[in-house]
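Coordinate-derived values only; no laboratory data. Everything quoted here is computed from the prediction, not taken from an experiment. In this analysis, Cβ positions are derived from the backbone assuming ideal geometry, glycine residues included, and neighbour counts consider all displayed protein chains.
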Amino acid sequence: MHNDFFTYQAQTTKFAAGFEVEKAEGNYIYGTDGKRYLDFVAGVSANTLGHSHPKVINAIKEQADKYLHVMVYGEYAQDKPVALCKLLAEATPEPLEMTYLVNSGAEAIDGSLKLAKRFTGREEIVSFKNSYHGNTHGALSVSGSENHKREFRPLLPMVSFIEFNNENDFDKITEKTACVILETIQGAAGFLVPENDYLIKLKRRCEEVGALLILDEIQPGFGRTGKLFSFEHYGIVPDILVMGKGMGGGVPVGAFMSSREMMDTLSHSPKLGHITTFGGNPLIAAASYATLKEVLESGLMNEVEEKEKLFRELLVHPKIKNINGRGLMLAVNLGSPEYTLQVAKKCMEKGLIVFWQLYRNEYLRISPPLTLSMEEIRQGCQIILDVLNED
């Protein structure tokens, strides 16, 4: 399988691990080598409830016994997609009331940009330096790393970039701006959090000029920071909310959410303002509904703050420069990309899965399942410290 993986499946880097997976359960992944590995990555923040959570698996099985795909998005009323959208509306503040279900976070970004342009009648978009929103052409256009975009131009025109947490850039948001799009916590840049009421001031500027605020919660959403969505920590509500990753508990899904007034504009002039064949797939919606319900009812979000505190207490070492992030979304600065990759490899050899940040490879990613126990945190952190002590 290892040879076939590199022979037949397209790669994204020149140094993929090629780790062979036998099964995954709870907070562990089991390899064909007979070893189990504690997972501090959760499929890059996707496996909110760990691997093969019984409530998610049962929801998938129950739906599979009924039917799979029956019609393109938005035509038929189906139990699980409707229940998921209703529960999201009940769990989020106004004016977030209607959800458009899609296949991925990147597609949700594209849909949100279209919605903002359609509703405002404007063309200009403001995004952020070092942001990451996905790799479709629209999502890539509003991502802030030129190194990752250069070879794929031309991209969307009329997109400008400002600096995260810098209020001096607000004058670039004008009456011509359709929307400002940003990650509530900048992911690929090293889990940078808003400071000094930045989001409140940004929302105020958007309201002054009539621009919409789109928050990308693809990574911090679904309890990862101790709230269902991380914007709830910062005293604002976005005009459009984008979600994905941990929404499905391990299945591919995304969504964007807004007011009924805004969402209605995608249904006419032209009709099919956004259309997707498999968005809202009942199997995926069943898994997503089970995940959301468990996140809301299990009390796991109430444990996040203490788990973050324990990580920060344990991960103290001369080779750790700083730790960014919030909740179970932490980036550990080890100084250089080369060393961070080396540490990740050695942790894997000792039975711990960690990863690196997309833009800032000197940061070691820690984004475990919410179900991670305090004892598992201690075990995993000890492995990291043991590796740091080796050199």
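Quick check of the Kirkwood formula: for the chain, what is the inverse mean of 1/r over all pairs of different Cα atoms, in Å?
Values: mean 1/r = 0.0463 Å⁻¹.
The answer is 21.6 Å.
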Gaussian network model of the chain, springs between alpha carbon atoms under 10 Å - residue of Gly248, Gly223, Gly351 with greatest fluctuation
Gly351
Short version: ³J(HN,Hα) in whole Hz for each residue of the range 126-137, in order, from phi by Karplus 6.51 cos²θ - 1.76 cosθ + 1.60 (θ = phi - 60°), x for Gly and Pro, what are they?
10, 10, 10, 4, 6, 7, 9, 10, x, 10, 5, 4
Expected output is a single nm value to one decimal: the length gained when fully extending between Lys319 and Ile57, i.e. 0.36 nm times separation in residues minus the C-alpha distance. What is it?
90.3 nm
Pairwise centroid distance, computed over Cα atoms, of the range 23-66 with the range 120-191, Å:
33
The FRET efficiency for Thr174 and Thr277, from their Cβ-Cβ distance with R0 = 45 Å and rounded to 0.05, is 0.75
Ordered by residue, what ³J(HN,Hα) values in Hz, to whole numbers, does the range 54-63 give under the Karplus form 6.51 cos²θ - 1.76 cosθ + 1.60, where θ = phi - 60° and Gly and Pro are x?
x, 5, 6, 4, 5, 5, 5, 4, 4, 5
So how tilted is helix 337-349 from the main axis of the chain? Cα-based, degrees 0 to 90, rounded to 10.
60
Pairs of alpha carbons in the range 213-305 whose separation is greater than 21 Å (percent)
39
Using a 10 Å cut-off on Cβ atoms, rank the peptides 234-243, 108-117 from the highest mean neighbour count down.
108-117, 234-243
Mind pulling up the Rg/Rh value for the range 103-184? Radius of gyration and Kirkwood radius, both on Cα.
0.94
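Hey, which of these cross-link pairs are over 26 Å Cα-Cα: Lys129/Lys350; Lys319/Lys350; Lys114/Lys203; Lys149/Lys172; Lys114/Lys245; Lys176/Lys201? Please list the in-between numbers first.
Details: Lys129/Lys350 36 Å; Lys319/Lys350 19 Å; Lys114/Lys203 20 Å; Lys149/Lys172 22 Å; Lys114/Lys245 21 Å; Lys176/Lys201 19 Å.
From Lys129/Lys350; Lys319/Lys350; Lys114/Lys203; Lys149/Lys172; Lys114/Lys245; Lys176/Lys201, over 26 Å: Lys129/Lys350.
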Which log10 I(q)/I(0) values does the range 275-391 give at q = 0.17, 0.18, 0.23 Å⁻¹ under the Debye formula, counting every alpha carbon as one identical point scatterer?
-0.85, -0.91, -1.25
To the nearest 0.05, how large is the calculated FRET efficiency for Ala89 and Tyr339 if R₀ is 41 Å and r is the Cβ-Cβ distance?
0.35
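Which of the peptides 39-52, 209-222, 76-89 is most tightly packed, and how do the rest follow, going by the mean number of other Cβ atoms within 10 Å of each residue? Could you put the intermediate results ahead of the total?
Numbers: 39-52: 22.8, 209-222: 25.8, 76-89: 17.2.
Averaged packing, sorted descending, gives the order 209-222, 39-52, 76-89.
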³J(HN,Hα) across the range 93-106 via Karplus (A = 6.51, B = -1.76, C = 1.60, θ = phi - 60°), whole Hz, x for Gly/Pro?
x, 5, x, 6, 9, 10, 10, 9, 8, 9, 9, 7, x, 4
Peptide ranges 58-69, 174-185, 137-148 listed from the most packed, as the mean C-beta count within 10 angstrom indicates
174-185, 137-148, 58-69
Could you work out how much longer the chain between Lys66 and Lys293 gets when fully extended? Use 0.36 nm per residue separation minus the Cα distance between them, nm to one decimal.
79.6 nm
Distance in nm between Ser145 and Glu163 label points, each 7 Å along Cα→Cβ, equals 2.0
Could you pull out which residues in the range 32-54 have an amide N less than 19 Å from a spot 7 Å beyond the Cα of Asn3, following the Cα-Cβ vector?
32-33
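Pairs of alpha-carbon atoms within less than 8 angstrom and 6+ residues apart define the contacts here; what relative contact order does the chain have, in percent? Could the numbers behind the result be given before it?
Values: 799 pairs, mean separation 88.7, N = 391.
After rounding, I find 23 percent.
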Angle in degrees between helix 282-297 and the longest Cα principal axis of the chain, rounded to the nearest 10
70
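How long are the semi-axes of the equivalent ellipsoid of the range 307-351, taking √(5λ) for every eigenvalue λ of the Cα gyration tensor, in whole Å from largest down?
19, 13, 10
Please report the orientation-averaged projected area of the range 74-123, defined via the convex hull of its C-alpha atoms, in nm².
Averaged projected hull area, Cα only: 4.4 nm².
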Explain nothing, just the number: dipole magnitude of the chain about its Cα centre with +1 on each Lys and Arg Cβ and -1 on each Asp and Glu Cβ, in debye rounded to the nearest 20.
440
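Quick one: compute the contact order of the range 267-383, relative version, from alpha carbon pairs under 8 angstrom and 6+ residues apart, as a percent.
Values: 118 pairs, mean separation 26.1, N = 117.
Worked out over the range 267-383, it gives 22 percent.
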